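Since the structure comes first, as structure tokens, the remarks are kept for the end.
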Amino acid sequence: KKNQKKKKQTTTTTRDALRRDIADIAGGEEAKKRTEYYATAKVMKKLAGVENADGIDLVAELEMPEIREVTEFMMQEKRIEKVLCLDGVQDPGNVGTLLRTAEAFGFDAVGLGPKTCDPFNDKCVRSSKGTAFRMQMFTWKTNEEFFEGLVNGGTFELKRNVLAAMLAGENCAEVARELDDGNNSNNKVCLVLGSEGQGVSEEIASSIRAITIPTPGVTESLNVAVAGGILMSSLTVS
């Protein structure tokens, strides 16, 4: 009986914590309008959508976060300094991991280019561990929109602080130190990652600054999420 009582108390505590989390996401009065339903573990496992879920305690319907066009976003959000842009990154696991990593390293926003995976894809949402609902995001349809938004809307400098992750380029650590030397009034940085198969699109890559991660081993390249994590760390702690 003591064990049963303890288990019941723990379950109640978990539910209360989950309610607070949902209230934080939904916000204020909207959170009060929710209807709660309780389901068995078997039903919850089915709702997880995968064969071997880590464990699922709650399923909720949330309002879809807004994703604005790049120029509109940059014009409205004046305090954007660190940006990650995904140019055709299609794997949902990589996109979710990159969203989560960008949040961990204090990036302010993530840009989603053409052919990039939907950040609200179920696998992407799982990989992001909730970041998909918190991170500010914007999109662009053409390279012209991308350049216009960053330069005129966000005051980025294409050949200085807009960086393309490439197999050949300047040493990422050296570029990070240069951008963080304290002598520049524009301390912004935008990191652009491409798909593992195609890389950053040719027009974007040729118009911005190429950087690379020195790798002494024989492996030709890194997974895009791993490379993104290393580069974001380098640009954060230089």
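Just add up the charged neighbours of V200: K/R +1, D/E -1, any other residue whose Cβ is under 15 Å from the Cβ of V200. Mind showing how you got there, number by number?
On the way: positive: K115, K159, R209; negative: D87, E170, E196, E202, E203.
Charge balance in the 15 Å sphere: -2.
If you restrict to DSSP beta bridges whose two residues both lie in region 108-224, what percentage is antiparallel, to the nearest 5? Write down the numbers at each step before the final one.
Working: 1 of 13 bridges.
For region 108-224, the DSSP antiparallel bridge percentage is about 10.
Would you compute, for the Cα atoms of region 136-238, the largest minus smallest coordinate along each principal axis and list the three values in descending order, in whole Å?
Result, largest extent first: 41, 34, 26 Å.
Label-point separation (nm) for E178 and A41, each offset 7 Å from Cα along Cα-to-Cβ?
The answer from the label model is 5.7 nm.
Which trypsin sites (Lys or Arg not before Pro) in region 156-238 sit in a loop by DSSP (not H, G, I, E or B) and have at most 14 other Cβ atoms within 10 Å of their own Cβ? If you can, show how the numbers build up before the last one.
Details: sites: K159, R160, R177, K188, R209; in loops: K159, R160, K188.
Passing sites in region 156-238 are K159.
State the extension gain, in nm to one decimal, for the chain segment bounded by E61 and Q90, taking 0.36 nm per residue of separation less the distance between their alpha-carbons.
The span from E61 to Q90 would gain 7.9 nm if fully extended.
Compute the normalised compactness of region 106-167: alpha-carbon radius of gyration over 2.2 N^0.38 Å, N being the residue count.
Compared with the compact-globule rule of thumb, region 106-167 sits at 1.26.
With the full set of protein chains in place, find how many percent of the accessible area of region 45-201 is carbon and sulfur; take the probe as 1.4 Å.
Accessible surface attributable to carbon and sulfur in region 45-201 totals 46 percent.
Could you compute how much accessible surface L158 exposes when probed at 1.4 Å, giving the result in Å² to the nearest 10?
It works out to around 40 Å².
What net charge do the residues around E170 carry, taking every other residue with its C-beta under 14 Å from that of E170, with Lys and Arg at +1 and Asp and Glu at -1?
Net of charged neighbours comes to +2.
Within the set of other residues whose C-beta is less than 11 Å from the C-beta of P214, count the net charge using Lys and Arg as +1 and Asp and Glu as -1.
-2
How high is the relative contact order of region 90-238, given as a whole-number percent (alpha carbon pairs under 8 Å, six or more residues apart)?
So the answer I get is 27 percent.
Along the Cα→Cβ direction, 7 angstrom out, place labels at E69 and N187. What is the inter-label distance in nm?
Calculated label separation equals 3.3 nm.
The values are calculated or read from the model by the stated rules, or taken from the named source; none is laboratory data. Nothing here was measured: the structure is a model prediction, and the numbers come from that model. With ideal geometry, Cβ positions are generated from the backbone for all residues, glycine too; neighbour counts draw on all protein chains shown. Heads up: the accessible areas ignore ligands, DNA and RNA and are worked out on the full protein's heavy atoms, side chains in. Shrake-Rupley method; radii C 1.70, N 1.55, O 1.52, S 1.80 Å.
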